[in-house]
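Down below is the structure, laid out as structure tokens.
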Amino acid sequence: MAPSLFDQLWLARNVILSGLGLTVSISLLAILAGSVLGVFVGLSLTYGNRWLRLVVRVYTDIIRGTPVLVLVLASYYVSSAVGVNLDPFSAGVLALAVFCSSHVGEIVRGGLQAIPKGQTEAAKAIGLTFGQTFAYVLWPQALRQFLPAWVNTAAEMVKASTLLSVIGVAELLLRTQEIISRNFMSLQFYFFAGALYFVVNYGIERFGKYVERKTAVPS
Amino acid sequence: MGYTLNFAVVWRNFDRLLEGLALSLGLAVVSILIGAAIGLAVAFALISKYRAAVWPATVYVTVIRNLPILVLVLFAYFALPQMGVRLDKIESFVAVLAIYSGAYLAEVFRAGLLSIPKGLTEAGLAIGLTPMQIRSTIIAPLMLRNVLPSMSSTIISLFKDTSLAAAIAVPELTFEARKINVESFRVIETWIVASALYVATCALIAAVMRQVERRLALPR
Amino acid sequence: MAKTLLEIAGLRKTYGTLEVLKGIDCQVHEGEVIAIIGSSGSGKTTLLRCINMLEDFQGGTISLDGEEIGYHVEGPTRRRKSEKDIARQRALTGMAFQQFNLFPHMTAAQNVMLGLVKVKRLPKDEAHAIAVKWLDRVGLGDRAGHYPGQLSGGQQQRVAIARAIAMNPRLMLFDEVTSALDPELVGEVLQVIKGLAADGMTMLLVTHEMRFAFEVASRVIFMNQGVICEDGNPREMFVAPKTERLAEFLKTSSFN
């Protein structure tokens with residue numbers, strides 16, 4: 001008697017949930033760390049002096065020219081070789097955070113540079129210092145500008161979390177493969193995993209649109 | 001730290017890496033060409049006035065863009081056989097990357113199509129061209145010039161996605177690098193070289209795309 | 001004779017190798033309304049922007065109320081003042097721009113309040129009251145809660161003027177404030193400026209509106225290629241220009 005899909009799903013529910021939980025934590029950590037780092041990258045590219053900008057540019061060009069999988073593998077293998085014992089989870093999150101930072105850096109830079117110069121001049125004209133200008137005039141505008149792209153990057157991180165299965169992190173995709181190795185229902189379970197990823201990412205997309213609407217300036 | 005850099009092992013196996021890179025490029029070129037054809041058709045469907053065309057196109061783009069490509073790759077190679085579709089590694093990867101590319105390029109092309117003034121279509125109709133002729137001789141060529149910049153970054157991104165083929169043991173660059181890494185334990189050197197090859201190739205693709213842009217640019 | 005408010009001596013500015021201001025000497029007295037006219041490239045906007053240090057200058061001095069602006073000069077040495085000092089000095093003047101430059105993410109009232117709260121450190125309700133007062137003054141009291149995107153060009157420019165005036169500056173600087181406006185909207189802005197002039201605000205206006213310069217200004221400065229060419233009473237200057245260049249300029253500008 002062929003096992004029914006629902007029976008199998010129910011049996012595997014804990015495994016699936018644990019995998020999903022790990023996927024979520026990988027993504028969240030990568031997005032948070034990557035965004036913080038990315039803001040520094042973006043600020044350096046926009047306001048830094050020649051040398052800082054050069055160093056940061058080289059950093060982002062190398063990261064963006066390298067496939068994420070290579071970053072993950074490199075992070076995993078190189079860390080153990082140089083004696084920094086990172087478990088696969090940490091190595092993977094590090095790689096994803098670095099990847100995220102290069103994207104967020106570009107986004108922040110783009111957002112800041114899109115603001116017309118007149119805004120800075122008007123702020124100067126009423127006597128604001130640079131710090132005040134950045135905090136009250138530039139950053140709020142840049143934030144609204146790059147919010148959609150940032151939400152997109154967040155979704156990319158969820159998708160990239162699947163790559164950690166290659167280095168043995170038991171996130172959703174690896175767990176799915178484990179389940180399939182037991183019950184051979186690859187069609188159903190890959191499909192199910194795909195559906196879960198779709199729901200999460202689609203949810204992020206919708207949430208992003210909602211935040212965009214809520215923070216939009218009336219015109 | 002006790003790790004001294006020694007690139008000799010990597011240089012000895014450099015030809016394997018280059019072969020892997022060649023395969024990566026091959027996979028990319030074929031997939032992107034097919035993907036571009038799919039994307040163009042889907043883009044026209046997305047802006048069509050017939051709901052029957054818009055709806056499936058939207059579903060296709062939305063679903064693919066929200067799925068991790070690795071899941072698609074594994075699904076195509078491991079799950080499809082259960083439906084009777086048996087593809088070898090390279091065939092299944094190319095099929096996946098083509099479908100994946102199609103969804104992303106469709107969005108790029110759609111933006112390009114929307115930026116073309118309606119008046120051009122009307123002018124074409126006025127001289128008696130069929131909608132199909134208008135699309136192929138007027139709209140598509142113009143749109144292509146408009147979208148070259150964003151298409152360039154999409155293509156580079158899709159090229160990097162060929163590294164996913166390593167997950168199903170296709171002997172492209174990442175797979176070969178990993179093999180060398182495991183055989184030789186020269187981890188830092190291997191990954192530096194592999195990364196350098198990818199970065200260089202991406203830069204090359206970008207330069208080529210800029211040239212294409214220049215060549216196709218309309219005289220001013 | 002009214003007190004000297006602004007003193008410019010030997011002002012020189014270069015952009016790379018191009019000398020844009022070639023030695024400007026000028027005195028502005030309290031209550032004066034001065035129109036600065038000239039063709040593009042004459043340096044009139046640059047002069048204005050040096051006064052509030054939106055542009056650096058390489059030679060000469062500018063003094064506002066006796067205080068050196070931007071640079072501290074002692075004999076042969078010249079030192080740029082600290083950014084904090086310069087920011088404080090900028091608050092002593094008010095500027096309205098051709099492109100308005102309102103902060104799009106803030107309401108009209110918030111635009112006017114920003115300087116009051118952050119620079120003058122007034123409590124929020126006091127700042128709000130002042131903001132509403134000045135918005136009323138420019139005829140936009142009922143639009144205090146509107147965002148720039150919801151306002152017409154003329155309305156935006158009036159808010160921009162209110163934003164500058166609310167800081168209670170010693171001197172107002174207007175940089176071609178009607179050039180970017182549709183013709184029908186120019187009038188409302190000029191009305192506001194006339195009102196401010198009547199109240200005794202000291203103003204420097206770079207403008208193309210010759211008729212406005214003629215009506216409102218107590219003094220006109222004609223600049224040409226980085227120097228002040230003529231400086232005097234508008235009636236005299238427009239009717240009987242002393243220099244060839246001014247005569248040429250008046251011929252080519254729409255003025256009847």
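Here, segment C:28-81 yields an orientationally averaged convex hull projection of 4.6 nm² when only Cα atoms define the hull. Extent of segment C:24-164 along its three principal axes (Cα atoms, max minus min coordinate, largest first): 53, 38, 28 Å. Highest average first, the peptides B:66-78, C:140-152 ordered by how many other beta carbon atoms sit within 10 Å of their residues are B:66-78, C:140-152. Relative protection proxy for A:149-155, C:156-162, from highest mean packing down: C:156-162, A:149-155 (other beta-carbon atoms within 10 angstrom). Dividing the mean sequence gap of close Cα pairs (under 8 Å, 6+ apart) by how many residues segment A:11-215 holds gives a relative contact order of 30 percent. With the simple model of a label 7 Å out from the Cα in the direction of the Cβ, C:Thr14 to B:Glu213 spans 3.6 nm.
Peptide A:113-121 has a mean of 3 when you count, residue by residue, the C-beta atoms of other protein chains within 10 Å of its C-beta. Taking a sphere under 15 Å around the Cβ of B:Glu19 and counting the other residues whose Cβ falls inside, with K and R at +1 and D and E at -1, yields a net charge of +1. Listed by chain and number, the aspartates and glutamates whose C-alpha is less than 14 Å from the C-alpha of A:Lys159, apart from same-chain residues fewer than 8 away, are A:Glu171, A:Glu205, B:Asp161. Using the Cα atoms as the points, what is the convex hull volume per residue of chain B in Å³? For chain B, the hull spanned by Cα atoms encloses 160 Å³ per residue. Computed from the Kirkwood radius of its Cα pairs, the Stokes-Einstein diffusion coefficient for segment A:87-190 at 4 °C and 1.567 mPa s stands at 77 µm²/s. Pairs of Cα atoms in chain A fall into 10 Å distance bins, from 0 up to the last occupied one, in shares of 8, 27, 29, 20, 11, 5, 1, 0, 0 percent. Summary value for segment B:8-216: 31 percent relative contact order, contacts being C-alpha pairs under 8 angstrom separated by 6+ residues. Legend: mean number of C-beta atoms from other chains within 10 angstrom of residue C-beta atoms, peptide A:185-191, equals 5. 3J(HN,Hα) couplings calculated from phi for segment C:10-26 with the Karplus curve 6.51 cos²θ - 1.76 cosθ + 1.60 (θ = phi - 60°) are, in sequence order, x, 5, 10, 9, 10, 9, x, 9, 8, 8, 8, 10, 10, x, 9, 10, 6 Hz; Gly and Pro show x. Across chain C, the mean sequence separation of Cα contacts (distance under 8 Å, 6 or more residues apart), normalised by length, yields a relative contact order of 25 percent.
In this simple spin-label model, placing a label point 7 Å from the Cα along the Cα-to-Cβ direction at both C:Ala247 and B:Ala206 gives a separation of 6.0 nm. Identify all aspartates and glutamates with a Cα-Cα distance to C:Lys242 below 12 Å; exclude those on the same chain that are fewer than 8 residues away in sequence. Straight-line reach from C:Lys242, under 12 Å: C:Glu230, C:Asp231. Charge tally for C:Leu122 (other residues, Cβ to Cβ under 15 Å; Lys, Arg +1; Asp, Glu -1): +4. Enter the mean number of other protein chain beta carbons within 10 Å of the beta carbon of each residue in C:96-107, as an integer. Mean partner shielding for this stretch: 5. State whether the protein assembly as shown is rounded, prolate or oblate according to the following rule on the C-alpha gyration tensor (a ≥ b ≥ c being the square roots of its eigenvalues): a/c under 1.5 gives rounded; otherwise a/b larger than b/c gives prolate, and the remaining case gives oblate. Prolate, since a/c reaches 1.5 and a/b exceeds b/c.
If a paramagnetic tag sat 7 Å from the Cα of A:Asn49 along the Cα-Cβ line, which residues of segment C:41-83 would have the backbone N under 17 Å from that point? Only C:83 pass the distance filter. Beta bridges per DSSP, both residues in the protein assembly as shown: antiparallel share near 60 percent. Across segment C:30-38, computed HN-Hα scalar couplings (Karplus, 6.51 cos²θ - 1.76 cosθ + 1.60, θ = phi - 60°) run 4, x, 6, 10, 10, 9, 9, 10, x Hz from first to last residue, x flagging Gly and Pro. In the structure shown, do any of C:Lys194/C:Lys251; A:Lys117/A:Lys214; C:Lys81/C:Lys120; A:Lys124/C:Lys84; C:Lys84/C:Lys120; A:Lys124/C:Lys120 have a Cα-Cα gap over 18 Å, and if so which? Checking Cα-Cα distances, C:Lys194/C:Lys251; A:Lys117/A:Lys214; C:Lys81/C:Lys120 exceed 18 Å. Each other residue within a Cβ distance under 14 Å of A:Ala216 adds +1 if Lys or Arg and -1 if Asp or Glu, for a net charge of +3. Using a Debye calculation, one point per C-alpha and no hydration shell, please list log10 I(q)/I(0) for chain C at q = 0.08 Å⁻¹ in order. Summing over Cα pairs of chain C leads to -0.32.
Taking the average, over residues, of other Cβ atoms within 10 Å as the packing measure, peptides B:34-46, A:174-186 rank B:34-46, A:174-186 from highest down.
Laboratory data are not the source of any read-out in this text; all were calculated from the coordinates shown. Keep in mind the model is a prediction, meaning the values are calculated, not measured. Ideal geometry is used to build each Cβ from the backbone, glycine not excepted, and the neighbour counts take in all protein chains shown.
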